[in-house]
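Heads up: the structure comes next, in C-alpha cells.
The values are calculated or read from the model by the stated rules, or taken from the named source; none is laboratory data. The shown structure was predicted, so the numbers you read here are calculated from the model rather than taken from an experiment. Cβ atoms come from the backbone with ideal geometry, glycine included; neighbour counts cover every protein chain shown. For accessibility, only protein heavy atoms count, side chains too; no ligands or nucleic acids. Shrake-Rupley method; radii C 1.70, N 1.55, O 1.52, S 1.80 Å.
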Amino acid sequence: MADFDVVVIGAGPGGYVAAIRCAQLGMNVACVDEWKNVQGKASLGGTCLNVGCIPSKALLESSENYERVTHDFTAHGITATDVQLDIAKMQARKDKIVSDFTLGINQLFKKNKVTALHGRASLLGRDGETWRIAIAKGEEVRAQHVIIATGSTPRVLPQAPLDGERIVDNAGALSFDKVPKRLAIIGAGVIGLELGSVWRRLGAEVTLLEAAPAFLAVADEQVAKETLRIFTKQGLKIHLGVQLDGVTQTGKEVRIAWHDAQGAAQILAADKLIVAVGRVPNTQGLGAEQAGLLLDAAGRIEVDEYCRSNLVNVYAVGDVVRGPMLAHKASEEGVMVAELIAGQAGHCDLNLVPSVMYTAPEIAWVGKTEQQLKKENVAYKAGQFPFIANGRARALGETAGFVKILADAATDRILGVHIVGAMASELIQQAVLAMAFSASSEDLARTVHAHPSLSEVMHEAALAVDKRTIHI
Ligand code: FAD
Ligand code: NAI
C-alpha cells in the first residue's frame, strides 16, 4: 500500500496534465490509467492521444495533402501525374505520431517524478484523512486528494450495434485499412464531419444521417449555413431531420433504414458505417455509488466551478464533468485543480474555451453566438470580413469563409468571435486572448497586424464592427 498526496485517475489530457502540475507544485503524485492499445500495452494519453485529437488530425493532414495534390495544385501550374495512395503508410505515420506522444507522456511522468500505475481505479472509501483507491484486485493506494479524470466513451445506439468491422465508432473509423467505397455516418457532429472529410478526400462516397433538423446547431447560425453549403459542394451528402429505424447487415454491406425529414422511408446501403452520436461520461467501475459520489442527470460527476465534487478532497475534471468535451478544457481544469490543492488561486473560464473543427475550411469560435445574444437580449454590434478579400488567403488559394466579431453595443467589449476559414484553429487564439483581457473590438482594430497574413481578416472584422473596413 503506497501513500500519495494526490492520486489522479485517468491519464488523458485532464489527468496527465493535472498529475504533472501537481508534481511541479511539490506534491507526491500517482496517476492510474487503464488504457491498453491494440497491441495490449498500457498507453497513456487517454482518448485524445490514442483515438481522438491526435490520430484524427494526422489523417486530416494526410488526406488534405492528397486532395491538394489531386485537385488543387493544377491552379498553381503544378501537374502531378500517377499520384498513388498508400493507406498502410498513411496509417503507419499516424500510428507513429500516436506512439511517440503516448510514450512521451511516460517520459514526462519520469521527468516530473509522477508514479504511473496501470489498472482500473475505484474509490473504496475514506480512512481518516485518507482516500483508499483500489487499482487492481487486492492492490490499493492511499491519497489525501483524488482527481478523477476518467473521460468519456462513445455513445452507442441500440439500432446500430458496433461490430468493430463494418459498424464502428471513432476508433474503428481511424483505422480503416482501405478506403470504403460507400461510407455512411450516423451523426453530423464534429467527429462525423472531420472523419467524413478524411475518407471523402481519399475517395469514399460519404453520406451523413443527422437527427437534428438544423445543421451544426451548436455553432453560430451563419457559420452553420456557410459550412453546410461548402461541405455539400465538396461532396458530403448530409441529410438532416433523420429518424433512424434500424441497421441490418448482409454478408457484403450494411443497410440503414431511416425516415427523412418529410417522413418518407429510406434505405442507405454502405460498405462501412461510423456511429458518431456524441459521448457519455465514463464513471463505470469507479465505485461512485459506494463512495457516495454525486452524479448529475446526464451521468457526469457533479462539480462546482472549481471542479470540487460533493466528497471532501475529491475533484473531477474533463469529459467526465459538465462543459464542452474538449482536450484543452480538460487540461485547464486539471491545472486549476492542482493549483487549488496547492493552496493557490485556480480558475477556468468555460466561456473562453475555444471550439475548433479541423475540416477544410476550419471552423472555430469562442464566446457567444448571435442566436445566444438575441436570446439573452444583449444589444450587440457585428463586424464581418471575408477571406477572399485578403492577400495571404488569395496566395494560399484558401479564400472560403469569413471572420465575424460580435461586440457589446454599449461598451464595445468583444462577446464572441466566429471563424470559417483556413487556419481558423490558429486565428481563434487571438480572439481568446483579446477576450481574456476584456478587449474591445476597437482594441483589436488598433492593433498592428502583419501584412500579408490571415490575421488581417480578424483585423478587418474588428474594423467592420465600427463600419470602417479598408479593403471592402
Ligand atoms: P480521456 O482523454 O477520455 O481520458 C480518460 C482516461 O481515463 C482514459 O485513458 C481511460 O482509459 C482512463 N480511465 C477511465 N476510467 C478509469 C478508471 N476507473 N481507472 C483508470 N483509468 C480510467 N478535443 C479537442 O480539444 N480537440 C480535438 O481535435 C479533438 N478531437 C477528437 C477527435 C475524436 C475522434 C474524439 C473521439 C475526441 C476528440 N476530442 C478533441 C475530444 C478529446 O479527446 C476529449 O475531450 C479529451 O480526451 C478528454 O480528456 P479527459 O482527460 O477528460 O478524458
Ligand atoms: P457531437 O455531439 O459533436 O455530434 C453528434 C451528432 O449526432 C449531433 O449532431 C447529434 O444531433 C447527432 N445524433 C445524435 N443521435 C442521433 C441519432 N440517433 N441519429 C442521427 N444523429 C444523431 O458528437 P461526436 O461527433 O460524436 O463527437 C463527440 C465529442 O468529441 C464532441 O462533442 C467534441 O466534444 C469531441 N470532439 C472534438 C473535436 C474537436 O475539437 N475538433 C473533434 C472530434 C470530437
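Close amide-amide hydrogen proximity is noted between Ala211 and Gly187, Ala188, Val242, each under 5 Å apart and 5 or more residues distant or on a separate chain (H modeled in the peptide plane; Pro and chain starts excluded).
Per-residue surface analysis assigns Val17 an accessible area of about 30 Å², computed on protein heavy atoms at 1.4 Å probe radius. Computed over the chain, the range of Cα coordinates on each principal axis works out to 68, 63, 45 Å, biggest value leading. Between Asn351 and His259, the contour length at 0.36 nm per residue exceeds the Cα-Cα span by 29.4 nm.
Provide the net charge surrounding Leu427, with neighbours chosen by a C-beta distance below 11 Å and charges set as Lys +1, Arg +1, Asp -1, Glu -1.
Values: positive: none; negative: Glu362, Glu426, Glu456.
With Lys, Arg at +1 and Asp, Glu at -1, the neighbours total -3.
Just reorder Asp466, Asp408 by solvent-accessible area, largest first, 1.4 Å probe, all chains present. Walk me through the numbers before you get to the answer.
Working: Asp466 95, Asp408 35 Å².
Final ranking, largest accessible area leading: Asp466, Asp408.
Keeping every protein chain present and rolling a 1.4 Å probe, give me the accessible area per residue for region 3-145 in Å². Could the numbers behind the result be given before it?
Working: 7240 Å² over 143 residues.
In whole numbers, region 3-145 has 51 Å² accessible per residue.
The ellipsoid equivalent to the alpha-carbon distribution of region 1-123 has semi-axes of 40, 14, 10 angstrom, derived from the gyration tensor eigenvalues as √(5λ) and listed largest first. What is the set of long-range amide H partners of Gly151 at a cut-off below 5 Å, with H atoms built 1.01 Å from backbone N? HN-HN under 5 Å from Gly151: Asn282, Asp319, Val320. At the residue level, Ser152 shows approximately 10 square angstrom of accessible surface with a 1.4 angstrom probe and all protein chains present. Across the chain, the longest piece that holds none of the chymotrypsin sites (Phe, Trp or Tyr not before Pro) lying in DSSP loops with up to 16 other C-beta atoms within 10 Å covers 1-305.
What value, in deg cm²/dmol to 500, does the helix sum -39500 (n - 2.57) over DSSP H runs of n ≥ 4 give at 222 nm once divided by the residues of the chain? Write down the numbers at each step before the final one.
Values: 14 runs with 147 residues, N = 472.
Rounded to the nearest 500, the figure is -9500 deg cm²/dmol.
Given Lys368/Lys467; Lys96/Lys272; Lys237/Lys404; Lys329/Lys467; Lys36/Lys89, which pairs have Cα atoms separated by over 31 Å?
Working: Lys368/Lys467 21 Å; Lys96/Lys272 25 Å; Lys237/Lys404 27 Å; Lys329/Lys467 34 Å; Lys36/Lys89 23 Å.
With Cα atoms farther than 31 Å apart: Lys329/Lys467.
State whether region 167-277 is rounded, prolate or oblate according to the following rule on the C-alpha gyration tensor (a ≥ b ≥ c being the square roots of its eigenvalues): a/c under 1.5 gives rounded; otherwise a/b larger than b/c gives prolate, and the remaining case gives oblate. Oblate. Normalised by the number of residues in the chain, the mean separation of alpha-carbon contacts (under 8 Å, six or more apart) gives a relative contact order of 14 percent.
In a DSSP loop and with at most 14 other Cβ atoms within 10 Å, the GluC sites (Glu not before Pro) in region 148-217 are Glu165. Compute the Cα gyration tensor for region 330-421, then decide on rounded, prolate or oblate, letting a ≥ b ≥ c be the square roots of its eigenvalues: rounded whenever a/c is under 1.5, prolate when a/b is larger than b/c in the other cases, and oblate in all that remain. Because a/c hits 1.5 or more and a/b fails to exceed b/c, region 330-421 counts as oblate. 3J(HN,Hα) along region 303-308, derived from phi through the Karplus expression 6.51 cos²θ - 1.76 cosθ + 1.60 where θ = phi - 60°, amounts to 9, 8, 5, 9, 6, 8 Hz, with x in place of Gly and Pro.
What the Kirkwood sum gives for region 361-465 is a hydrodynamic radius of 13.4 Å, with every pair of different alpha carbons counted. Taking all protein chains together, Thr47, Thr227 sort by accessible area into Thr47, Thr227, largest first [probe 1.4 Å].
Rg then Dmax, both in Å and based on the Cα atoms of region 276-336: 11.4, 36. For the chain, the share of DSSP beta bridges that are antiparallel, to the nearest 5, is 60%.
A 1.4 Å probe run over region 167-277, with the rest of the protein chains in place, finds 42 Å² accessible per residue. Carbon and sulfur atoms: what percent of the 1.4 Å accessible area of the chain do they account for? About 53 percent, which is the carbon plus sulfur part of the accessible surface.
Checking a compactness column here: for region 251-405, what do you get for Rg(Cα) / (2.2 N^0.38 Å), N being the number of residues? Please report the intermediate quantities before stating the final value.
Values: Rg = 21.9 Å, N = 155, 2.2 N^0.38 = 15.0 Å.
Compared with the compact-globule rule of thumb, region 251-405 sits at 1.47.
Each label point was placed 7 Å from the Cα along the Cα-to-Cβ direction; for Leu103 and Glu140 their separation is 3.7 nm.
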